[in-house]
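The values are calculated or read from the model by the stated rules, or taken from the named source; none is laboratory data. No experiment lies behind these values; they were computed from the predicted model shown. Note that each Cβ is placed from the backbone with ideal geometry, even for glycine, and that neighbours are counted across all protein chains shown. Heavy atoms of the whole protein, side chains included, go into the accessibility calculation; ligands, DNA and RNA do not. Shrake-Rupley method; radii C 1.70, N 1.55, O 1.52, S 1.80 Å.
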Amino acid sequence: RVTFTPIHRREGGRIAGTIAVLQDVTEQENLEESRREFVANVSHELRTPLTTIKSYAEALDDGALEDPQLAVRFVGVIRNETERMIRLVTDLLHLSRLDSKESSLRIQQTDITEMLEDVADRFSFQIRQKRIHISTRVRKDVATAWLDRDQIDQVLGNLVSNALKYTPEGGTIQLEAHKSEDGMLAVSVRDSGIGIPKKDIERIFERFYRVDKARSRNMGGTGLGLSIAREIVKAHGGSISLQSELNEGSLVTFTLPLMKQRGSGA
Ligand code: ADP
């Protein structure tokens, strides 16, 4: 969409000339629209747990407190919902820092095998609980890379956490690192889980986009994990993509520069 703004040059009260300013405002409007949508989403995501907390607190007040078993259950729900809200707000703050480019990267040389094994260790409890087979494989030519370890840990954490959430018991998760065709470090997380329908794949990195809202919520998801991963990877100068086959599994791959980039701090 194009707006037309006439600017008049006056001389002694008379219009002596006119300049027409044509401006393409499509991008600006799209940005505003996505901002509005984002605020609506955030409000909704916060209101849902708040409504639940309110009704369970009221039920406790209205007599459920007298029944110890019921009371314990209701308090459990309140705690779960509160924890989800904290996760949501933490994710939102992280996204807003990434958006404002306020968070500078702390790039350091990193051992890739150690980094992947570390993320597997972090989830060892759930992995064992779901009897998931997890493997890590790192090609020799990408033994080390320069990256912000804390931030990439978060990317890997989000991806492995998704792989675990959406893979049934007894499935497999493979963490792998190799050199991409264009000489970057490519890290992938592959699972044998439920997969993602074709029509959803291209929107999956959007904030709050989920294939199944109820399932994501039940799993404790915020709908922001993949968007945060994408922002962090982008800040490193890399890219992230997802391939998936329904009922077969998903493969998320992200790339990062192997070498120290000019201008990035050590
Ligand atoms: P969430 O907190 O809901 O997991 P994400 O941004 O991490 O949010 O993921 C967005 C959505 O993408 C999820 O709700 C889920 O529908 C889908 N998804 C992400 N990873 C996987 C995966 N490994 N297998 C199947 N679906 C996935």
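What single numbered condition from (1) surrounded by 11 or more Cβ atoms within 10 Å (Cβ to Cβ); (2) closer than 30 Å to residue 156 by Cα; (3) polar (S, T, N, Q) fails to hold for residue 104?
(1)
Is the range 67-77 home to any residue that is free of Cβ contacts under 8 Å to residues at least 40 places away in the same chain and under 30 Å from residue 228 (Cα atoms)?
Yes, there is a match, as at least one residue in the range 67-77 is free of Cβ contacts under 8 Å to residues at least 40 places away in the same chain and under 30 Å from residue 228 (Cα atoms).
With the condition kept exactly as written, say whether any residue in the range 209-232 is away from the ligand (no atom under 12 Å from the Cβ), at pLDDT 95 or above and assigned to a helix (DSSP H, G or I). Step through it out loud before you land on a result.
Initially, the range 209-232 is screened for residues away from the ligand (no atom under 12 Å from the Cβ), giving 232.
Those still in the list that are at pLDDT 95 or above too: 232.
Keeping just the survivors that are assigned to a helix (DSSP H, G or I) gives 232.
Yes, because at least one residue in the range 209-232 is away from the ligand (no atom under 12 Å from the Cβ), at pLDDT 95 or above and assigned to a helix (DSSP H, G or I).
Assess whether residue 238 counts as being open to solvent by less than 40 Å² (accessible area, probe 1.4 Å), touching a Ser or Thr at 6+ places or on another chain (Cβ under 7 Å) and within 9 Å of the ligand (Cβ to nearest atom).
So residue 238 fails the test.
Among the residues of the range 177-198, how many are within 15 Å of the ligand (Cβ to nearest atom) and not hydrophobic (A, V, I, L, M, F, W, C)?
Adding up the residues that qualify gives 8.
Being among the β-branched types (Val, Ile, Thr), free of Cβ contacts under 8 Å to residues at least 40 places away in the same chain and open to solvent by 70 Å² or more (accessible area, probe 1.4 Å) is the requirement here; does residue 90 meet it?
It is true that residue 90 is among the β-branched types (Val, Ile, Thr), free of Cβ contacts under 8 Å to residues at least 40 places away in the same chain and open to solvent by 70 Å² or more (accessible area, probe 1.4 Å).
Just one of 113, 51 is within 18 Å of residue 220 (Cβ to Cβ) and part of a helix (DSSP H, G or I); which is it?
51
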